Amino acid sequence: MTKRASIASLIPASQDLYRKIVFEIADGIIGIDDHGIIRLCNPATESIFGWQPGELLDKPLEVLLPERVQGFHQKLVASFQSGNTDARYMGQRSATIVGCHKDGTEINLGITILRTAAAGAPMMVAVIRDISDNVRYQNDLKRLAETDTLSGLFNRRAFRANVLQSVSANIANYSSMVIFDLDGFKAVNDRFGHDAGDEVITSFSEVLRNSIRATDIAGRWGGEEFVLFLPNLKHTAAIAIVERIRANFTARDFKWEGFPSANFTVSAGLAVAPPGLADFSDMIASADKALYDAKRGGRDRLVSTEIQEQEALAS
Ligand code: GH3
Ligand code: MG
Ligand code: MG
């Protein structure tokens, strides 16, 4: 039996059956007339949005929407009303619909909208599911997958993905890549213990996070190596930021029981890419080479380099 035929066979018993389904189902079912006024509303809708039984009837749909999405929602409804599909599911991860609970909190909704009619008048019916828990869970997973646990910074993969995005958005500007490597870190572990080493890593991450702009991207490259991408900055400004980070880190006193207080240094390699020459791998390779020179030159210093057009072409 086709789906349509199987539904048709239920129609004779439909009134009570459909009433019961609408009444008992855990999904919200809500109908609005062509003025956006709520004309149908089941108990699940009231419970999802935190309203008392019967309270939502005859209210405008806007009472269920946060102010910031009301304009967008009106356009969505209008485009659906004038389109030629009768039903559409909206609730994909990329485009969840946001609703507003009576207490003002926002809820994520998976919604199927249907264009239909009741008593000869057009009606839009939505079947609504609260997917806030799923969305929260997905966001938590995404954050976990992107974050290095010890430092709280982006891990290598997420760092790369974010930099690629930033590079394509800032193609007409200078940008810089920095690699930091804590100096003599093996000795920190050997002398003060692994937990102390972890504390130094956390502390450097804190300095890094507190010293950058919202558009800068910081990550833990691995071990005691960190990366920083600075879009939209010329050479001297980038150098100033890196030197500030290095100074702030070295100014930190670490005190562990049984030892006099200690300070640490960090070396950095900076690669500046002129407009159009910001390629992720090139920048990392140049910054790494500069870092190597900083280590070889005696550590506790910054070496910077500017990516040349020939270099970029040769790679
Ligand atoms: P250099 O000045 O040349 O950079 O010397 P270094 O001792 O810092 O260099 P090296 O790369 O030999 O040492 C890095 C050390 O970092 C070795 C490793 O045990 C330690 N390390 C890597 N990841 C972690 C971590 O998550 N926690 C701690 N405590 N140590 C780590
Ligand atoms: Mg290292
Ligand atoms: Mg090191």
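The values are calculated or read from the model by the stated rules, or taken from the named source; none is laboratory data. The model shown is predicted, which means the values in this text are computed figures rather than measured ones. As a convention, Cβ positions derive from the backbone with ideal geometry for all residues, glycine included, and neighbour counts pool all protein chains shown. Accessible surface is based on the protein model in full, side chains and every heavy atom, while ligands, DNA and RNA are left aside. Shrake-Rupley method; radii C 1.70, N 1.55, O 1.52, S 1.80 Å.
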(message) Could you work out what % of the accessible surface of region 48-146 is carbon and sulfur, using a 1.4 angstrom probe and leaving DNA, RNA and ligands out of the count?
(response) 55 percent
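Quote to one decimal, in nm, the extra length available between E146 and N162 on full extension: 0.36 nm per residue of separation minus the C-alpha distance between them.
Values: separation 16, 0.36 × 16 = 5.76 nm, distance 1.02 nm.
My answer for the length gained is 4.7 nm.
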(request) Determine which residues of region 228-248 fall in the zone a paramagnetic label at N263 would reach in this model, i.e. backbone nitrogen under 20 Å from the point 7 Å along Cα→Cβ. (result) 240-248
(request) Pop out the ³J(HN,Hα) list for region 200-210 in order, Karplus 6.51 cos²θ - 1.76 cosθ + 1.60 with θ = phi - 60°, rounded to Hz; leave Gly and Pro as x. (result) 5, 4, 4, 5, 5, 4, 5, 4, 4, 4, 7
(request) Indicate, rounded to the nearest 5 percent, the antiparallel portion of the DSSP beta bridges found entirely in the chain. (result) 90 percent
(message) Can you compute 3J(HN,Hα) from phi for each residue in region 172-186, using the Karplus curve 6.51 cos²θ - 1.76 cosθ + 1.60 with θ = phi - 60°, rounded to whole Hz and x for Gly and Pro?
(response) 8, 10, 5, 8, 10, 10, 10, 10, 9, 9, 5, 7, x, 6, 4
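Could you work out the helix-only [θ] at 222 nm for the chain, with each DSSP H run of four or more residues adding -39,500 (n - 2.57) and the total divided by the number of residues, to the nearest 500 deg cm²/dmol? Write out the running numbers ahead of the final one.
Details: 11 runs with 133 residues, N = 315.
So the helix-based figure for the chain works out to -13000 deg cm²/dmol.
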(request) Could you rank D33, D16 by how accessible they are, 1.4 Å probe, largest area first? (result) D16, D33
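So what is the relative contact order of region 126-280, in percent, for Cα pairs below 8 Å that sit 6 or more residues apart? Mind showing how you got there, number by number?
On the way: 204 pairs, mean separation 51.3, N = 155.
Result for region 126-280 is 33 percent.
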(request) Quick one: accessible surface of V303, probe radius 1.4 Å, all protein chains present, in square angstrom to the nearest 10. (result) 40 Å²
(message) How large is the accessible surface of D103 in square angstrom, using a 1.4 angstrom probe and rounding to the nearest 10?
(response) 100 Å²
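So how do I212, I217, I171 rank on accessible area, 1.4 Å probe, biggest first, that is with the largest at the start? Don't jump to the answer; show the numbers that get you there.
Numbers: I212 40, I217 15, I171 95 Å².
The most accessible residue leads, giving I171, I212, I217.
Determine the gain in length on full extension of the stretch S82-T236; use 0.36 nm per residue of separation and subtract their C-alpha separation, reporting nm with one decimal.
Working: separation 154, 0.36 × 154 = 55.44 nm, distance 5.58 nm.
In short, 49.9 nm is gained.
How high is the relative contact order of the chain? Use alpha-carbon pairs under 8 Å, at least six apart in sequence, and give a whole percent.
Working: 503 pairs, mean separation 40.9, N = 315.
Taking the mean separation of contacting Cα pairs over the length of the chain, I get 13 percent.
Could you tell me how many cubic angstrom of Cα convex hull volume the chain has per residue?
Details: hull volume 71.7 nm³, N = 315.
Output value, Cα hull per residue: 228 Å³.
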(message) Quick one: 3J(HN,Hα) in Hz for region 154-159, Karplus 6.51/-1.76/1.60 with θ = phi - 60°, rounded, Gly and Pro as x.
(response) 4, 7, 4, 5, 5, 4
